[in-house]
Amino acid sequence: MSEIKEKFPSESLGSRKRILITGAAGFLGSHLCDRFVKEDYHVIGMDNLITGDIANIEHLFKLENFEFYNHDVSKFVHIPGKLDYILHFASPASPIDYLKIPIQTLKVGSLGTHNLLGLARNKNARMLIASTSEVYGDPNVNPQPEEYWGNVNPVGPRGVYDEAKRFQEAITMAYHTFHGVETRIVRIFNTYGPRMRLNDGRVLPAFIGQALRGEDLTVFGDGSQTRSFCYVDDLIEGIYRLLMSDYAQPVNIGNPDEITIKQFCEEIIKLTGTTQKIVYKELPQDDPKQRRPDISKAKELLGWEPKIGRAEGLKITYEYFKSLSSEALEKIEHKDFTTFNR
Ligand code: NAD
Ligand code: UDP
């Protein structure tokens, strides 16, 4: 990881809208910082770097409309000056990460969200929280509409993440209805693209990393479980539109193009040209069997739907991973992810 630098927000306010983005050094947070910097906002990034990488936002440090706090949002959050918007994206997000740091995951979804809602209330800012398709658990309805309440095991290995996110939605609605805070809730489905961490265990970096290192590709279970993958630029556009909308109920944002994990693995094998084979490993506990967003609401309310198909998105993402230094690739220890008893 690069040397950690900090830039602190000044109170010189100027005319720009000011937005706080938590989880700024992570995969999605860094793309959001790029987007709002480009829209000429004053962006205040915040991250404690527990799963993020400062390299994802280093290119922004030279800009006068970007500042960065290295801070854990589960502790009291102070931002000098006015704030117009808060995007709360801080949270471990991959099953490997939230199994390694379960308590921090619960805290950032609960205490962290509470702190930020308090800040939003105090500053009269609009706050959007990053929720997830995991609130639907292992769904027995497919595709999942926002009205579906889900099928979550609170005490299973994924419970620390799923229940933190469900609590996050509940407290956000409570601040909305009880305190009148302007809130938005995005339920994000599996998203991929440049700046994912090669070793975060999520399926796309896992497969591409294995292909690049000349290892066999590990499919969990028989690979018949499904996911629906959304390219990051599409997601960011959906989040932007939701933030600017007046809709406070949860909205699914994702790409409804559903695929089995085995088919997905075969696509990666073709894309990378690897001669390695598929090996099958034990299916982690509570691994959802199917997942596909119903995006009728996003279409209707936001005029949003994904534009970038998997072939195009995977190609861009593969080029990104290939461009990483060989040193970055070598740093990855090969882990048998099933040993985490996910
Ligand atoms: P990520 O791990 O790349 O980014 C999360 C960032 O939050 C990291 O930079 C990490 O250091 C930071 N962070 C974690 N705890 C923190 C704390 N207590 N204080 C300050 N910073 C903290 O993950 P991501 O994929 O970018 O996910 C971002 C958000 O989107 C998460 O809330 C996640 O639940 C949600 N989400 C992502 C996906 C996806 O497919 N990527 C899907 C559903 C939901
Ligand atoms: N998966 C897999 N091999 C891997 C990593 C993941 O087969 O090396 C599977 C995993 O069991 C799940 C799917 O890929 O069914 C998506 O996993 P990921 O961790 O990316 O996200 P999830 O949607 O489960 O949160």
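The values are calculated or read from the model by the stated rules, or taken from the named source; none is laboratory data. Please read these numbers as outputs of a predicted model, since none were measured by experiment. Methodologically, a virtual Cβ is constructed for each residue, glycine included, from the backbone with ideal geometry; neighbour enumeration extends over all protein chains shown. To get the accessible areas, we keep the full protein, side chains included, count just its heavy atoms, and leave off ligands, DNA and RNA. Shrake-Rupley method; radii C 1.70, N 1.55, O 1.52, S 1.80 Å.
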* With each pseudo-label sitting 7 Å past Cα toward Cβ, what's the residue 38-residue 61 distance in nm, one decimal? -> 2.3 nm
* Quickly work out the residue 78-to-residue 316 label distance, labels modelled 7 Å from Cα along the C-beta direction, and quote it in nm with one decimal. => 4.0 nm
* **Dimensions in Å of the chain - Rg and Dmax from alpha carbons** => 19.3, 58
* Calculated from DSSP H runs of 4 or more alone, at -39500 (n - 2.57) each and per residue, what is the 222 nm mean residue ellipticity of the chain, nearest 500? -> -10500 deg cm²/dmol
* Asked: In whole percent, what relative contact order does the range 188-246 give with Cα contacts below 8 Å and a gap of six or more residues?
  -> 43 percent
* Structure fact -> To the nearest 20 debye, the chain has a Cα-centred charge dipole, built from +1 on Lys and Arg Cβ and -1 on Asp and Glu Cβ, of 360 debye
* **Solvent-accessible area of residue 163 with every protein chain in place, 1.4 Å probe, in Å² to the nearest 10** => 60 Å²
* To do: Quickly work out the residue 173-to-residue 121 label distance, labels modelled 7 Å from Cα along the C-beta direction, and quote it in nm with one decimal.
  => 1.8 nm
* Structure fact -> Most fluctuating of 317, 177, 132 in the GNM of the chain (C-alpha, under 10 Å) is 177
* Structure fact -> With the 8 Å Cα cutoff and a minimum separation of six or more residues, the chain has a relative contact order in percent of 16 percent
* Each residue of the range 289-295 in turn: what ³J(HN,Hα) in whole Hz from Karplus with 6.51, -1.76, 1.60 and θ = phi - 60°, glycine and Pro shown as x? -> 7, 8, 7, 7, x, 8, 9
* Structure fact -> Stretched fully, the stretch from residue 276 through residue 149 gains (0.36 nm per residue minus C-alpha distance, one decimal, in nm) 41.7 nm
* Straight-line reach from residue 270: which lysines have a Cα under 26 Å away, not including same-chain ones fewer than 8 places off? -> 262, 281, 289, 307, 315, 322, 331, 335
* Structure fact -> Bounding extents of the range 101-173 in its principal axis frame from Cα atoms, largest first in Å, are 41, 28, 13
* Partner aspartates and glutamates for residue 297 [C-alpha distance under 16 Å; skip if fewer than 8 residues away on the same chain] -> 146, 147, 234, 237, 246, 305
